[in-house]
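FYI, it's all coordinate maths here, none of it is from the lab. Just so you know, these numbers come straight off a predicted model, no measurement behind them. Glycine gets a Cβ as well: all are built from the backbone with ideal geometry, and neighbour counts include every protein chain shown.
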Amino acid sequence: MYCARFLPVFFALLLQVRIVSVSAYRYADISARYTDKTSRISLSGERNQLMRDAVLVSARDHLHVPFAEVKFPYNRTARVLTMFSWNGYWWQQVDSSSWELETYYVLDELVKHNTVYVDFGTWIGPTLLFGAQRARRAFGFEPDPFAFAEVAANVLLNHEFKHKIFLANACVSDVAGARQMKGLGVSGSSLSGIYTSKHSLFQVIDAAPMWSAYCFTLHELLQYYSVVPLAPHEELFIKIDTEGAEAPLIPSLYAVFKDLAPRISVYLSMHDVVTQETYPTEGREKFIMTLHLFTYATEASHFALGAKNFSKDISADKLCRWCSYVLHF
């Protein structure tokens, strides 16, 4: 069973990916166009050393393996790995229009040709491969090493738009540094997330696998990739699905969101963490205050029906437990 789990990693090696030993962490940057630009950036410090010693997956690489063509809503398709993949069920759900139709509606509405699209956690790419087709540039952050190996393969299979996509085997968090990750079942699961002793989806799953991942702050990443300042014609769309880690993350993004308003939209998945009675009141208030920066905070299912709800209407007792918010101006 565990040998099978390592197949995507072996498979990644077959893609001519250069593996650089940087402590215990790996970082990947998919786009040959930006290689020279990246190498010219002056970097210092331990965290930046990880960026300097990035694993580069060339956009010139060609992948010749068994794949399936998945049909997305809104007349988009993508090729995805079938060999070595244990996530075929999810792609079948996407192909049959049975998986999160409201999510694809939001992406279709808000990700345009002038949009810089940031996706974390990316998992195996069901939203990244959709949004990147229209976006000006796309960034995917996935700390789970097995999910990352699979999404890297999926990106390389799509030569029509792979040059626009950057991937990093890292997480985005409120504080930069190494974090413990846990998977609900196995690494590579769609329910992998940051493990903490409190206020975590995974705190009671003691037997779940754990591994170490490196997290960057969003501010670091946006600056490193020259996403900010946005060009005059650009807008930013961020998809946040971090399996409960949104609780500490969102308040830490207050300054980033404020600086980028009104040219930023956010798709935020909630996982019944910040809504728990045991969650600190101060943390919940900061979370809601960050949502209030936006004009609208509409549940995705309502947004898909044309509704817009003012963010100021959200309070502690009205914050949804399991839903996704569309935050926009």
| task | For residue 270, work out the one condition from (1) more than 18 Å from residue 244 (Cβ to Cβ); (2) touching a residue at least 12 places away in the same chain (Cβ under 8 Å); (3) among the hydrophobic types (A, V, I, L, M, F, W, C) it doesn't fulfil. | result | (1)
| said: Against the conditions (1) in contact with a Lys or Arg (Cβ under 9 Å, 6 or more places away or on another chain); (2) closer than 29 Å to residue 215 by Cα; (3) not aliphatic (A, V, I, L, M), where does residue 123 fall short? Just the number, please. | reply: (1)
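Take the conditions in contact (Cβ under 8 Å) with a residue 12 or more places away in the chain, closer than 21 Å to residue 226 by Cβ and buried (at least 20 other Cβ atoms within 10 Å of the Cβ) and apply them to residue 260. Does it pass? Show your work before the answer.
Details: in contact (Cβ under 8 Å) with a residue 12 or more places away in the chain: yes; closer than 21 Å to residue 226 by Cβ: yes; buried (at least 20 other Cβ atoms within 10 Å of the Cβ): yes.
Spelling it out, residue 260 is indeed in contact (Cβ under 8 Å) with a residue 12 or more places away in the chain, closer than 21 Å to residue 226 by Cβ and buried (at least 20 other Cβ atoms within 10 Å of the Cβ).
Considering every residue within segment 136-146, establish whether at least one is in a helix (DSSP H, G or I), more than 25 Å from residue 302 (Cα to Cα) and hydrophobic (A, V, I, L, M, F, W, C). Don't jump to the end; show me each part of the working.
Let us first name the residues in segment 136-146 that are in a helix (DSSP H, G or I), namely 145-146.
Checking the rest, the ones that are also more than 25 Å from residue 302 (Cα to Cα) come to 145-146.
Within this subset, residues satisfying the condition of being hydrophobic (A, V, I, L, M, F, W, C) are 146.
Checked segment 136-146: at least one residue is in a helix (DSSP H, G or I), more than 25 Å from residue 302 (Cα to Cα) and hydrophobic (A, V, I, L, M, F, W, C).
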| message | When you check residue 293 against the structure, is it surrounded by 15 or more Cβ atoms within 10 Å (Cβ to Cβ), in a loop (DSSP other than H, G, I, E, B) and not basic (Lys, Arg), yes or no? | response | yes
| message | Given the options 212, 265, 252, 226, name the one that is surrounded by fewer than 20 Cβ atoms within 10 Å (Cβ to Cβ), touching a strand residue (DSSP E or B) at 6+ places or on another chain (Cβ under 8 Å) and closer than 20 Å to residue 141 by Cβ. | response | 212
